[in-house]
Amino acid sequence: MKKEIYKKIKEYKKIVLARHVGADPDALGSTLGLKDIILNTFKDKEVYAVGVYSSKFKFMGKTDDISKVDISDALLIVLDTPNIVRIDGVDDISKFSYVIKIDHHPLIDDFGDIQWIEEDASSVCQMLIELVYDTRLKMCPEGAKKLFMGVVSDTNRFLFDYTSPKTFNLVYKLVNDTKIEFTKLYDDLYERPLCEVRLQGYIEQNMKVSINGFAYLKLTDEILKKFGVDAASSGNIVNSLNNIKEILVWVIFTEDKKNDVIRVNARSRGPVISKVLEKYGGGGHALASGARLKEEKEIKNIIKDLEETCKNYK
Ligand code: AMP
(Lines give C-alpha, C1' and ligand atoms only; values in the text may rest on other atoms or scores of the structure.)
Protein backbone atom coordinates (compact mmCIF):
# COMPACT_ATOMS: atom_id res chain seq x y z
CA MET A 1 0.00 0.00 0.00
CA LYS A 2 2.69 2.54 1.03
CA LYS A 3 4.79 1.65 -2.03
CA GLU A 4 1.72 2.16 -4.24
CA ILE A 5 1.12 5.57 -2.70
CA TYR A 6 4.76 6.53 -3.23
CA LYS A 7 4.57 5.42 -6.87
CA LYS A 8 1.56 7.67 -7.50
CA ILE A 9 3.25 10.62 -5.79
CA LYS A 10 6.28 10.03 -8.01
CA GLU A 11 4.15 9.66 -11.13
CA TYR A 12 2.03 12.82 -10.84
CA LYS A 13 3.49 16.26 -11.53
CA LYS A 14 0.55 18.05 -9.92
CA ILE A 15 -0.62 17.02 -6.45
CA VAL A 16 -3.41 18.45 -4.29
CA LEU A 17 -3.50 17.66 -0.57
CA ALA A 18 -6.83 18.09 1.20
CA ARG A 19 -8.12 17.62 4.77
CA HIS A 20 -11.29 18.03 6.80
CA VAL A 21 -13.22 21.22 7.57
CA GLY A 22 -12.62 22.69 11.01
CA ALA A 23 -8.92 22.07 10.71
CA ASP A 24 -6.89 20.82 13.67
CA PRO A 25 -3.13 20.23 13.92
CA ASP A 26 -3.34 16.64 12.60
CA ALA A 27 -5.28 17.77 9.53
CA LEU A 28 -3.04 20.79 8.94
CA GLY A 29 0.18 18.98 9.82
CA SER A 30 -0.61 16.13 7.46
CA THR A 31 -1.40 18.32 4.45
CA LEU A 32 1.22 21.02 4.97
CA GLY A 33 3.87 18.62 6.25
CA LEU A 34 3.40 16.22 3.34
CA LYS A 35 3.66 19.17 0.95
CA ASP A 36 7.08 20.08 2.43
CA ILE A 37 8.22 16.47 2.19
CA ILE A 38 7.08 15.95 -1.41
CA LEU A 39 8.79 19.19 -2.47
CA ASN A 40 11.92 18.16 -0.59
CA THR A 41 11.95 14.86 -2.48
CA PHE A 42 10.88 16.02 -5.95
CA LYS A 43 11.93 19.60 -6.74
CA ASP A 44 9.89 19.90 -9.94
CA LYS A 45 6.39 19.15 -8.64
CA GLU A 46 3.43 21.47 -8.17
CA VAL A 47 1.96 20.73 -4.73
CA TYR A 48 -1.05 22.47 -3.23
CA ALA A 49 -2.31 22.09 0.34
CA VAL A 50 -5.92 23.27 0.33
CA GLY A 51 -8.63 24.24 2.82
CA VAL A 52 -9.55 27.40 4.70
CA TYR A 53 -6.57 29.18 6.24
CA SER A 54 -6.50 28.69 10.00
CA SER A 55 -5.45 31.85 11.84
CA LYS A 56 -5.52 29.94 15.12
CA PHE A 57 -2.91 27.51 13.82
CA LYS A 58 -1.06 30.05 11.69
CA PHE A 59 2.28 28.56 12.79
CA MET A 60 1.41 25.52 10.65
CA GLY A 61 1.61 27.63 7.49
CA LYS A 62 -0.56 28.99 4.70
CA THR A 63 -2.94 27.03 2.51
CA ASP A 64 -3.12 27.25 -1.29
CA ASP A 65 -5.82 28.37 -3.69
CA ILE A 66 -6.55 25.95 -6.53
CA SER A 67 -9.46 27.83 -8.10
CA LYS A 68 -7.36 28.57 -11.21
CA VAL A 69 -5.54 25.24 -11.33
CA ASP A 70 -6.50 22.61 -13.91
CA ILE A 71 -7.06 19.58 -11.68
CA SER A 72 -8.04 17.11 -14.40
CA ASP A 73 -4.50 15.74 -14.54
CA ALA A 74 -3.82 16.04 -10.83
CA LEU A 75 -3.47 13.52 -8.02
CA LEU A 76 -5.67 14.25 -4.99
CA ILE A 77 -4.62 12.95 -1.58
CA VAL A 78 -7.35 13.32 1.06
CA LEU A 79 -5.93 13.20 4.59
CA ASP A 80 -7.64 12.69 7.95
CA THR A 81 -11.14 12.86 6.44
CA PRO A 82 -13.54 9.89 6.47
CA ASN A 83 -16.39 11.46 4.51
CA ILE A 84 -16.59 13.38 1.25
CA VAL A 85 -18.86 16.17 2.57
CA ARG A 86 -16.24 17.16 5.15
CA ILE A 87 -13.39 17.63 2.65
CA ASP A 88 -12.36 21.28 2.76
CA GLY A 89 -11.38 23.17 -0.40
CA VAL A 90 -12.33 20.54 -3.00
CA ASP A 91 -15.78 20.63 -4.64
CA ASP A 92 -15.77 17.43 -6.59
CA ILE A 93 -13.22 14.66 -6.10
CA SER A 94 -14.28 12.98 -9.35
CA LYS A 95 -12.66 15.83 -11.31
CA PHE A 96 -9.21 14.61 -10.28
CA SER A 97 -7.25 12.09 -12.30
CA TYR A 98 -6.53 9.83 -9.29
CA VAL A 99 -7.58 9.91 -5.62
CA ILE A 100 -5.82 8.52 -2.54
CA LYS A 101 -7.37 8.52 0.91
CA ILE A 102 -5.14 8.29 4.00
CA ASP A 103 -7.09 8.24 7.27
CA HIS A 104 -7.34 6.96 10.83
CA HIS A 105 -11.09 7.47 11.34
CA PRO A 106 -13.57 4.60 11.13
CA LEU A 107 -14.73 4.19 7.54
CA ILE A 108 -17.70 6.34 6.52
CA ASP A 109 -17.44 6.93 2.76
CA ASP A 110 -15.74 4.38 0.58
CA PHE A 111 -13.78 6.63 -1.79
CA GLY A 112 -10.39 6.82 -3.47
CA ASP A 113 -8.54 4.64 -5.97
CA ILE A 114 -6.28 3.74 -3.04
CA GLN A 115 -7.55 3.84 0.55
CA TRP A 116 -5.05 3.48 3.38
CA ILE A 117 -7.02 3.43 6.61
CA GLU A 118 -5.56 2.52 9.98
CA GLU A 119 -8.12 3.02 12.68
CA ASP A 120 -5.63 2.25 15.40
CA ALA A 121 -3.05 4.78 14.22
CA SER A 122 -2.80 7.65 16.70
CA SER A 123 -2.94 10.24 13.92
CA VAL A 124 -2.60 10.67 10.19
CA CYS A 125 0.69 12.47 10.87
CA GLN A 126 1.97 9.24 12.43
CA MET A 127 0.93 7.34 9.28
CA LEU A 128 2.83 9.87 7.16
CA ILE A 129 6.03 9.49 9.21
CA GLU A 130 5.72 5.76 8.50
CA LEU A 131 5.05 6.43 4.82
CA VAL A 132 8.21 8.53 4.55
CA TYR A 133 10.45 6.02 6.32
CA ASP A 134 9.05 3.03 4.42
CA THR A 135 9.46 4.65 0.98
CA ARG A 136 11.94 6.89 -0.82
CA LEU A 137 10.26 10.09 0.30
CA LYS A 138 12.79 12.35 2.02
CA MET A 139 12.03 13.82 5.42
CA CYS A 140 12.94 17.47 6.03
CA PRO A 141 12.92 19.56 9.25
CA GLU A 142 9.99 21.77 8.21
CA GLY A 143 7.81 18.78 7.34
CA ALA A 144 8.99 16.97 10.46
CA LYS A 145 7.92 19.84 12.73
CA LYS A 146 4.41 19.79 11.28
CA LEU A 147 4.07 16.01 11.52
CA PHE A 148 5.40 16.10 15.08
CA MET A 149 2.78 18.69 16.09
CA GLY A 150 0.04 16.61 14.47
CA VAL A 151 1.02 13.50 16.45
CA VAL A 152 1.44 15.39 19.72
CA SER A 153 -1.88 17.13 19.30
CA ASP A 154 -3.98 14.13 18.24
CA THR A 155 -2.58 11.98 21.06
CA ASN A 156 -3.01 14.87 23.53
CA ARG A 157 0.70 14.65 24.34
CA PHE A 158 0.80 10.83 24.17
CA LEU A 159 -2.05 10.45 26.67
CA PHE A 160 -4.77 9.01 24.48
CA ASP A 161 -5.42 5.44 23.48
CA TYR A 162 -3.76 4.47 20.20
CA THR A 163 -0.51 5.94 21.44
CA SER A 164 1.55 2.82 20.86
CA PRO A 165 5.17 1.62 20.76
CA LYS A 166 4.95 2.34 17.04
CA THR A 167 4.05 5.98 17.81
CA PHE A 168 7.13 6.37 20.00
CA ASN A 169 9.37 4.53 17.54
CA LEU A 170 8.33 6.73 14.65
CA VAL A 171 8.53 9.96 16.66
CA TYR A 172 11.95 8.92 17.98
CA LYS A 173 13.15 8.31 14.44
CA LEU A 174 11.73 11.63 13.26
CA VAL A 175 13.32 13.67 16.03
CA ASN A 176 16.63 11.82 15.89
CA ASP A 177 16.85 12.10 12.13
CA THR A 178 15.92 15.78 11.71
CA LYS A 179 17.15 17.17 15.06
CA ILE A 180 14.13 19.44 15.27
CA GLU A 181 13.91 21.47 18.48
CA PHE A 182 10.60 19.95 19.41
CA THR A 183 10.11 21.52 22.85
CA LYS A 184 10.03 24.96 21.18
CA LEU A 185 6.94 23.85 19.23
CA TYR A 186 4.91 23.53 22.43
CA ASP A 187 4.76 27.33 22.82
CA ASP A 188 2.85 27.54 19.56
CA LEU A 189 0.66 24.54 20.30
CA TYR A 190 -0.21 25.16 23.92
CA GLU A 191 -0.10 28.88 24.63
CA ARG A 192 -3.63 30.02 25.49
CA PRO A 193 -5.28 33.38 26.02
CA LEU A 194 -6.39 34.16 29.56
CA CYS A 195 -10.00 34.65 28.43
CA GLU A 196 -10.13 31.01 27.31
CA VAL A 197 -8.63 29.75 30.57
CA ARG A 198 -11.26 31.76 32.43
CA LEU A 199 -13.97 30.17 30.29
CA GLN A 200 -12.56 26.76 31.18
CA GLY A 201 -12.93 27.69 34.85
CA TYR A 202 -16.56 28.63 34.18
CA ILE A 203 -17.20 25.28 32.47
CA GLU A 204 -15.61 23.36 35.33
CA GLN A 205 -17.69 25.27 37.87
CA ASN A 206 -20.99 24.98 36.02
CA MET A 207 -21.14 21.69 34.13
CA LYS A 208 -23.85 19.30 35.19
CA VAL A 209 -22.61 15.86 36.25
CA SER A 210 -24.97 12.88 36.53
CA ILE A 211 -24.62 9.83 38.76
CA ASN A 212 -23.83 7.79 35.65
CA GLY A 213 -20.78 9.92 34.91
CA PHE A 214 -22.22 12.04 32.15
CA ALA A 215 -21.30 15.74 32.21
CA TYR A 216 -22.40 18.55 29.93
CA LEU A 217 -22.75 22.29 29.64
CA LYS A 218 -24.44 24.62 27.17
CA LEU A 219 -22.58 27.79 26.25
CA THR A 220 -24.75 30.53 24.83
CA ASP A 221 -23.49 33.33 22.64
CA GLU A 222 -24.08 35.65 25.60
CA ILE A 223 -21.67 33.66 27.79
CA LEU A 224 -19.06 33.55 25.00
CA LYS A 225 -19.31 37.33 24.67
CA LYS A 226 -19.00 37.78 28.42
CA PHE A 227 -15.70 35.89 28.37
CA GLY A 228 -14.52 37.55 25.16
CA VAL A 229 -14.06 34.24 23.29
CA ASP A 230 -15.57 32.75 20.14
CA ALA A 231 -17.39 29.48 19.51
CA ALA A 232 -14.17 27.67 18.55
CA SER A 233 -12.87 27.98 22.12
CA SER A 234 -14.82 24.95 23.37
CA GLY A 235 -12.81 22.76 21.00
CA ASN A 236 -9.62 24.01 22.67
CA ILE A 237 -10.93 23.32 26.16
CA VAL A 238 -12.72 19.98 25.84
CA ASN A 239 -9.59 17.79 26.05
CA SER A 240 -8.51 19.48 29.28
CA LEU A 241 -11.56 18.11 31.10
CA ASN A 242 -10.09 14.59 30.99
CA ASN A 243 -9.27 12.35 33.95
CA ILE A 244 -11.99 13.60 36.28
CA LYS A 245 -12.88 10.71 38.55
CA GLU A 246 -16.65 11.22 38.46
CA ILE A 247 -16.88 11.81 34.71
CA LEU A 248 -16.93 9.19 31.95
CA VAL A 249 -18.37 11.19 29.07
CA TRP A 250 -18.43 14.96 28.73
CA VAL A 251 -19.90 17.31 26.15
CA ILE A 252 -19.83 21.03 25.51
CA PHE A 253 -22.70 22.42 23.43
CA THR A 254 -21.75 25.82 22.05
CA GLU A 255 -24.00 28.28 20.29
CA ASP A 256 -22.24 29.40 17.09
CA LYS A 257 -24.27 32.38 15.94
CA LYS A 258 -22.00 33.20 13.01
CA ASN A 259 -22.60 29.81 11.36
CA ASP A 260 -26.09 29.37 12.80
CA VAL A 261 -25.30 25.98 14.34
CA ILE A 262 -24.72 24.46 17.75
CA ARG A 263 -21.24 22.99 17.99
CA VAL A 264 -20.94 19.74 19.88
CA ASN A 265 -17.57 18.69 21.32
CA ALA A 266 -17.81 15.29 22.98
CA ARG A 267 -15.18 13.15 24.72
CA SER A 268 -15.21 9.84 26.57
CA ARG A 269 -13.00 7.82 28.90
CA GLY A 270 -14.65 4.50 28.03
CA PRO A 271 -18.10 4.33 26.40
CA VAL A 272 -18.14 4.57 22.60
CA ILE A 273 -19.79 7.90 21.75
CA SER A 274 -19.24 8.19 17.99
CA LYS A 275 -22.34 6.10 17.24
CA VAL A 276 -24.53 8.54 19.18
CA LEU A 277 -23.04 11.56 17.43
CA GLU A 278 -23.49 9.88 14.04
CA LYS A 279 -27.22 9.73 14.78
CA TYR A 280 -27.19 13.52 14.84
CA GLY A 281 -25.20 14.04 11.64
CA GLY A 282 -21.79 14.12 13.32
CA GLY A 283 -19.20 11.47 14.09
CA GLY A 284 -15.49 11.10 14.70
CA HIS A 285 -13.53 8.64 16.79
CA ALA A 286 -14.92 6.17 19.34
CA LEU A 287 -13.83 8.38 22.25
CA ALA A 288 -13.63 11.82 20.60
CA SER A 289 -16.52 12.97 18.48
CA GLY A 290 -18.30 16.08 17.32
CA ALA A 291 -21.35 17.37 15.50
CA ARG A 292 -22.91 20.60 14.25
CA LEU A 293 -26.61 20.83 15.14
CA LYS A 294 -29.19 22.93 13.36
CA GLU A 295 -31.91 22.46 15.97
CA GLU A 296 -31.66 23.37 19.66
CA LYS A 297 -34.07 20.54 20.49
CA GLU A 298 -31.51 17.93 19.40
CA ILE A 299 -29.42 18.82 22.46
CA LYS A 300 -32.01 17.22 24.73
CA ASN A 301 -31.93 13.99 22.72
CA ILE A 302 -28.14 13.80 22.68
CA ILE A 303 -28.06 14.30 26.45
CA LYS A 304 -30.60 11.49 26.85
CA ASP A 305 -28.69 9.14 24.55
CA LEU A 306 -25.31 9.78 26.16
CA GLU A 307 -26.75 9.44 29.66
CA GLU A 308 -28.07 6.06 28.55
CA THR A 309 -24.69 5.16 27.00
CA CYS A 310 -22.95 5.89 30.33
CA LYS A 311 -25.53 3.95 32.29
CA ASN A 312 -25.17 0.88 30.06
CA TYR A 313 -21.39 1.08 30.20
CA LYS A 314 -21.41 1.17 33.99
P1 AMP B 1 -13.72 18.11 17.88
O2 AMP B 1 -14.53 17.98 19.12
O3 AMP B 1 -14.23 19.19 16.96
O4 AMP B 1 -12.26 18.23 18.20
O5 AMP B 1 -13.89 16.76 17.05
C6 AMP B 1 -13.53 15.50 17.55
C7 AMP B 1 -13.56 14.48 16.43
O8 AMP B 1 -14.87 14.42 15.89
C9 AMP B 1 -12.63 14.77 15.24
O10 AMP B 1 -12.09 13.54 14.80
C11 AMP B 1 -13.52 15.33 14.20
O12 AMP B 1 -13.08 15.06 12.90
C13 AMP B 1 -14.85 14.65 14.49
N14 AMP B 1 -15.97 15.55 14.16
C15 AMP B 1 -16.18 16.79 14.68
N16 AMP B 1 -17.28 17.34 14.14
C17 AMP B 1 -17.79 16.43 13.28
C18 AMP B 1 -18.92 16.40 12.39
N19 AMP B 1 -19.76 17.43 12.30
N20 AMP B 1 -19.09 15.30 11.63
C21 AMP B 1 -18.24 14.25 11.71
N22 AMP B 1 -17.18 14.22 12.53
C23 AMP B 1 -16.93 15.28 13.29
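The values are calculated or read from the model by the stated rules, or taken from the named source; none is laboratory data. Since this is a predicted model, take the numbers as computed values, not measurements. Don't worry about glycine lacking a Cβ; one is built from the backbone with ideal geometry, like all the others, and counts go over all protein chains shown. Surface areas here come from the heavy atoms of the whole protein model, side chains and all, with no ligands, DNA or RNA. Shrake-Rupley method; radii C 1.70, N 1.55, O 1.52, S 1.80 Å.
Of the residues examined, G143 is one that is small (G, A, S), in the same structural domain as N176 (by TED's automatic domain parsing) and either out of contact with any Pro (no Cβ under 6 Å at 6 or more places or on another chain) or under 11 Å from I37 (Cβ atoms) (or both).
Just one of (1) surrounded by fewer than 17 Cβ atoms within 10 Å (Cβ to Cβ); (2) of a type outside the set (D, E); (3) modelled with pLDDT under 95 fails for I244. It is (3). Report yes if E295 is more than 18 Å from H104 (Cα to Cα), more than 8 Å from the ligand (Cβ to nearest atom), part of a loop (DSSP other than H, G, I, E, B) and open to solvent by 20 Å² or more (accessible area, probe 1.4 Å), otherwise no. In short, yes. Summed over region 15-45, the residues that are within 19 Å of V132 (Cα to Cα) and not in a helix (DSSP H, G or I) give a count of 9.
Across region 207-234, which residue is nearest to the ligand (Cβ to nearest atom) among those that are touching a residue at least 60 places away in the same chain (Cβ under 8 Å) and outside any loop (DSSP other than H, G, I, E, B)?
Y216
Restricting region 68-93 to residues that are assigned to a helix (DSSP H, G or I) and under 12 Å from G112 (Cα atoms), the residue that is most open to solvent (accessible area, probe 1.4 Å) is I84. Once region 235-265 is narrowed to residues that are among the charged types (D, E, K, R) and within 12 Å of the ligand (Cβ to nearest atom), the residue that is farthest from K314 (Cα to Cα) is D256.
The C-beta contact set for region 23-48 (first residue within 11 Å of M149 (Cβ to Cβ) and open to solvent by less than 10 Å² (accessible area, probe 1.4 Å), second residue assigned to a helix (DSSP H, G or I) and acidic (D, E), distance under 6 angstrom, 6+ apart or interchain) comprises D26/D154. Applying the criterion of being near the ligand (Cβ under 9 Å from one of its atoms) and of a type in the set (S, T, N, Q) to the residues of region 266-292, the residue that is surrounded by the fewest Cβ atoms within 10 Å (Cβ to Cβ) is S274.
Step by step: first the residues of region 217-232, then only those that are out of contact with any Asp or Glu (no Cβ under 7 Å at 6 or more places or on another chain) and closer than 18 Å to L293 by Cα, then the one that is surrounded by the most Cβ atoms within 10 Å (Cβ to Cβ). Which residue is that?
L217
For region 94-114, the set of residues classified as touching a Leu at 6+ places or on another chain (Cβ under 8 Å) and open to solvent by 30 Å² or more (accessible area, probe 1.4 Å) consists of S97, Y98, listed by residue number.
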